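Worksheet for the structure shown next.
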Amino acid sequence: MKKQVIMLMLILTALIPVASADIVSDLDIKVNEYNENAENLPSFLKSLLGDEVIKLVIMANDGEEIYIKAVTEDAYVTVFEEIDGNTEIGETIIIGTSEDTVQSILNSEDPLTTFLDAKDNDEIKIEPVGFVNNVTFTVANILLKLSQLLGLI
């Protein structure tokens, strides 16, 4: 029995880093699904997501930070790759969140609402880089709130 417990502990310990690494794979799959449906986005979301270089920072459950570069062109994700945290990518937006928040969005029946709720609850932090992006983000945020109030989203 003692050997089985030790073996189980070793297996679980070996799987912990894999679980965090899987978040990148899970997101990559969802990026493909997103791209297949990007044409159905409301126009203001298309303009918000239009042409950006996004640095996504995910705090993994094991305490590591995962960095992802995502580039959008005409609201389609054209680049999605894990990067080193020190890599300069010329980001226009930095998004920070936790692995649990990402998983809850990925597993949601309504990912957009789950994302918006997480954003409203400060589980997702979005930081535009530069003056123009700050203005654009502020306007898009107002349009997003109006759309939510009007029931469009």
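Every number in this text was worked out from the coordinates using simple rules, so none of it is lab data. Model, not experiment: these values are computed from the prediction. With ideal geometry, Cβ positions are generated from the backbone for all residues, glycine too; neighbour counts draw on all protein chains shown.
A few notes on this one:
Let's see how each residue does on (1) surrounded by 15 or more Cβ atoms within 10 Å (Cβ to Cβ); (2) over 15 Å from the mean Cα position of the chain (by Cα); (3) under 19 Å from residue 38 (Cβ atoms); (4) aromatic (Phe, Trp, Tyr):
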position: 55; (1), (2), (3), (4): yes, no, no, no
position: 68; (1), (2), (3), (4): yes, no, yes, no
position: 80; (1), (2), (3), (4): yes, no, yes, yes
position: 86; (1), (2), (3), (4): no, yes, no, no
position: 111; (1), (2), (3), (4): yes, no, yes, no
position: 139; (1), (2), (3), (4): no, yes, no, no
position: 144; (1), (2), (3), (4): yes, yes, yes, no
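- Odd one out for residue 103 among (1) surrounded by 18 or more Cβ atoms within 10 Å (Cβ to Cβ); (2) under 13 Å from the mean Cα position of the chain (by Cα): (1)
- Test: residue in region 121-139 that is among the aromatic types (Phe, Trp, Tyr) and free of Cβ contacts under 8 Å to residues at least 24 places away in the same chain: yes
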